[in-house]
Every structure is written in structure tokens, then in C-alpha cells.
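Read the structure below first, then the notes.
The values are calculated or read from the model by the stated rules, or taken from the named source; none is laboratory data. On a predicted model such as this, the values are computed, not experimentally measured, just so you know. Cβ: placed from backbone, ideal geometry, glycine included. Neighbour counts: every protein chain shown. Calculation scope for accessible area: heavy atoms of the full protein, side chains included, ligands and nucleic acids excluded. Shrake-Rupley method; radii C 1.70, N 1.55, O 1.52, S 1.80 Å.
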Amino acid sequence: MTVLPLLQPESPDGGDVALARGVREPNARARHKAALPPKHLADLDLAGRRAVAAEMGEKAFRANQISTHYFGRLVRDPGQMTDIPAADRDRLTAALMPSLLTPVRELDCDNGTTRKTLWRLHDGSLVESVLMGYPDRVTVCISSQAGCGMACPFCATGQAGLTRNLSTAEIVDQVVWFAGVAASGVLADCPPRLSRVVFMGMGEPLANYARVIEAVHRLTTPAPEGLGLSQRHITVSTVGLVPAIDRLIAEDLSVTLALSLHAPDDDLRDELVPVNQRWKVAEVLDAVWRYAAHTGRRVSIEYAMIKNVNDQPWRADLLGRLLSGRLAHVNLIPLNPTPGSRWDASPKPVEREFVRRLRAAGVPTTVRDTRGREIDGACGQLAAAEVDG
Ligand code: SF4
């Protein structure tokens with residue numbers, strides 16, 4: 001097993017925030033395929049886009065116009081950008097809006113209100129995003145990396161290893177694309193405005209730190225610079241990269257932090273979330289409490305319920321003791337088993353008893369709905385199916 005040096009510098013191939021024993025190095029194929037895509041306006045702030053337009057010999061305000069189309073009107077088709085002279089539209093869109101995501105498969109369920117898309121990126125990498133419409137909100141779950149190096153053994157994405165980090169624009173474009181889908185009115189009985197983003201698709205967001213933070217800025221700055229979502233409606237998840245959590249605190253953002261805990265004890269968490277071999281449960285929880293204290297925001301503790309692995313009553317009690325009195329909420333996730341895997345979901349009575357014990361300890365607890373199960377809703381499953389055949 002490869003032991004990687006800690007605190008590697010960030011790079012497109014995913015050499016990034018601290019990795020631990022058991023956490024995979026980008027595979028050899030990844031090292032040869034680490035090139036990021038062409039620059040897109042979502043990689044740049046407005047001043048950067050204006051500079052690109054000026055370098056092309058265009059008037060700088062054309063960058064504002066094209067940005068308004070992309071972020072404000074969710075328009076990608078140059079033919080609809082009628083405020084820009086026809087002769088300039090193609091040049092400007094080629095320079096500032098190169099195509100980043102090609103849909104390979106699109107699946108839907110729940111009467112069309114859950115939509116999952118598998119994208120092919122410019123280098124052939126595959127990533128996924130899922131749109132979920134509810135009566136009061138529309139949420140998109142996005143990927144931050146192609147694959148993932150964190151090697152959680154129960155996760156389809158973790159089995160394939162890391163290919164590369166996504167660029168800022170590849171992250172943002174997943175959201176803008178689905179904002180356009182929501183605005184088209186195809187989600188029955190849902191609002192037309194996408195309002196929430198969760199970084200819970202493929203990858204460990206804090207292992208692609210700089211681009212994820214840049215994407216958060218782009219998603220939350222008002223148009224034409226960005227999409228104008230509320231920071232409070234963005235959730236960044238992590239397996240617990242402690243130095244990166246401290247960096248996030250220093251950003252002074254008000255995004256929601258979600259910690260994928262999955263076990264309250266180090267013996268089991270070392271196995272389920274291998275990065276725990278580097279940062280133990282107590283250390284990770286201390287870091288998220290620092291985040292909660294700084295932001296005043298409740299931390300979401302994610303816990304996949306895995307049959308006979310982490311679902312024992314004593315683990316519920318231990319988790320309850322760790323979280324009692326803290327600014328935290330537990331989100332239990334019924335495991336969506338990877339085909340052929342030895343991991344299975346906990347039976348419902350076991351899940352109910354786990355919830356009961358946590359609530360008895362005074363810990364707010366909910367069970368995540370199982371949207372998208374029939375379309376391989378768990379992260380990485382659609383990509384795995386595509387690769388397998
Ligand atoms: S569960 Fe999340 S962090 Fe772990 S391997 Fe899967 S995508 Fe990566």
C-alpha cells in the first residue's frame with residue numbers, strides 16, 4: 001500500500017491536501033490525463049473576463065454581456081445573445097464559454113423530479129451530478145473531483161481512485177446547467193429557481209480546496225459575476241481533512257459544513273474512512289466545532305447506516321455522547337449498496353433504534369430520503385456502470 005507524504009501541494013492531478021495510509025495515490029492513467037480543460041468565464045472573475053475580451057480586441061463590456069447570458073439568463077446558445085453583434089458572438093463564446101460538460105447519460109425518477117446526469121469531460125473523465133426537486137426547493141448535488149482518492153471501501157467512487165481535480169468552471173457549470181433545467185419548468189410542482197447546492201457527489205471537496213472555494217464565490221456572487229445563490233444554501237462536505245477545515249474557517253464564509261463521520265470510534269473509522277488514520281475522530285470533531293463556533297452554523301454529521309458494521313446500539317450511544325450539546329445535526333444515510341459489494345443497508349428497525357437513541361441523547365437526527373435509488377443514486381455508481389459496460 002502506498003504511503004503518501006502529508007500536505008502535498010494542490011495540483012490538477014489531485015496531489016492535494018493531506019492524505020493518509022490507505023488513501024489512494026492518483027493512478028498512473030490519471031497522472032497522464034491531469035490536464036485541466038480550457039479556461040471558461042466561470043474560472044475568472046469579471047475583471048478577468050473583461051481582460052480576455054480586451055485581449056481579443058473586443059470591447060470589455062462584451063464580457064459583462066456574455067456573463068449576464070451565462071449566469072443571469074442561463075443562456076448558452078450564441079443565437080440567443082442578440083445584444084451582441086452576430087459576428088462577435090461565436091468568437092466570444094468560443095473564448096469564454098468552451099463546452100466543458102457533455103451529457104453521456106441522463107436518467108430520471110420520482111416523476112421526473114430527480115434527474116441524474118453522467119458527464120464526460122474534455123479528457124474523457126466521467127463525473128456525475130443529481131438534481132432533486134422538492135415542493136419548496138430545488139437542490140443539486142455536484143462533483144468536485146473526477147473519482148476520489150479517499151478510498152472509503154463502501155463507496156463506488158472510492159473503488160476507482162482519483163483521476164483528477166475538476167476546474168472551478170467544471171464545478172460551477174454543473175450547477176448552472178441544472179439551474180437552466182429547473183428554469184425550463186420541467187420539474188413538476190417544484191420552484192423554477194435552483195436554490196441549493198451540496199458538494200456531495202464524486203470526490204472530496206476539501207482535497208480540491210482552491211477550486212472549490214473559487215466555485216463557492218462564483219456561485220454566490222450576484223450576476224453577472226456569478227449565480228447569486230445564498231452561501232447558507234451551499235453545503236460543503238468533507239471526510240475530515242483538519243488543516244483544510246481550518247483554512248475554511250479562515251475564509252469567513254457561511255456555507256454549511258457536513259462531516260462524513262460514518263463511525264464514532266477510531267477502530268472502525270480507520271477502516272471505513274481511511275483518512276481517519278491521519279486525523280482521529282476527536283481531532284476531526286474538534287475542527288468542526290471550531291467551524292460551528294466561528295460561523296454559528298450547525299454542522300451536519302453524515303452517517304451511512306451499514307448493516308452489522310456501524311449500526312449497533314452502543315455506537316448510537318457513543319455518537320450521542322460525542323455530539324450531545326453541540327451545534328450539530330445527524331443525517332443518517334441508508335446505504336445504497338454498490339453492486340457485488342459486501343456492504344449492505346441496515347434494516348429499518350435497526351435504523352429506527354439508532355435514531356431513537358440519538359434523539360434520546362438530545363441530538364437532532366433525520367434520515368436522508370433515498371431519492372434516486374433506482375437510477376444508481378449513490379455517488380459514483382453511474383460512472384462505475386458506464387466504465388463496466
Ligand atoms: S465516500 Fe466520498 S470521500 Fe469517501 S471515497 Fe466516496 S466520494 Fe470519496
Mind checking whether some residue in the stretch 64-73 is part of a helix (DSSP H, G or I), open to solvent by 50 Å² or more (accessible area, probe 1.4 Å) and modelled with pLDDT of 95 or more? no
Restricting the search to the stretch 139-189, which residues are within 17 Å of GLY226 (Cα to Cα) and at pLDDT below 95? none
Among the residues of the stretch 184-207, is any in contact with an Asp or Glu (Cβ under 8 Å, 6 or more places away or on another chain), assigned to a helix (DSSP H, G or I) and buried (at least 22 other Cβ atoms within 10 Å of the Cβ)? yes
Test ASN165 against the stated conditions and say whether it is open to solvent by 20 Å² or more (accessible area, probe 1.4 Å) and touching a residue at least 40 places away in the same chain (Cβ under 8 Å). no
Per-region count, the stretch 208-222, residues of a type in the set (Gly, Ala, Ser) and open to solvent by less than 10 Å² (accessible area, probe 1.4 Å): 1
Among LEU131, LEU101, LEU121, LEU107, the single one that is touching a strand residue (DSSP E or B) at 6+ places or on another chain (Cβ under 9 Å), closer than 26 Å to ARG164 by Cα and open to solvent by 20 Å² or more (accessible area, probe 1.4 Å) is LEU107
Kindly check whether there is at least one residue in the stretch 313-327 that is free of Cβ contacts under 8 Å to residues at least 24 places away in the same chain, more than 16 Å from the ligand (Cβ to nearest atom), at negative phi and not hydroxyl-bearing (Ser, Thr, Tyr). yes
Filtering the stretch 271-327 down to residues that are farther than 17 Å from PRO364 by Cα, outside any helix (DSSP H, G or I) and open to solvent by 60 Å² or more (accessible area, probe 1.4 Å) yields ARG278, LYS280, LYS307, ASN308
Taking THR82 as meeting all but one of (1) part of a loop (DSSP other than H, G, I, E, B); (2) touching a helix residue (DSSP H, G or I) at 6+ places or on another chain (Cβ under 8 Å); (3) at pLDDT 95 or above, write down the number of the exception. (2)
Restricting attention to the stretch 223-258, report how many residues are open to solvent by 30 Å² or more (accessible area, probe 1.4 Å) and either closer than 23 Å to ARG164 by Cβ or at pLDDT below 95 (or both). 2
Being more than 16 Å from the ligand (Cβ to nearest atom), in a strand (DSSP E or B) and hydrophobic (A, V, I, L, M, F, W, C) is the filter here, so list the residues in the stretch 120-157 that pass it. LEU131, MET132, VAL138, VAL140
Could you list, ordered by first residue, the pairs with Cβ atoms under 8 Å in which the first is in the stretch 200-225 and more than 9 Å from the ligand (Cβ to nearest atom) and the second is at pLDDT below 95, at least 6 apart or interchain? LEU206/VAL17; ASN208/GLU10; ASN208/GLY14; ASN208/ASP16; TYR209/GLU10; TYR209/ASP16; TYR209/VAL17; ALA210/GLU10
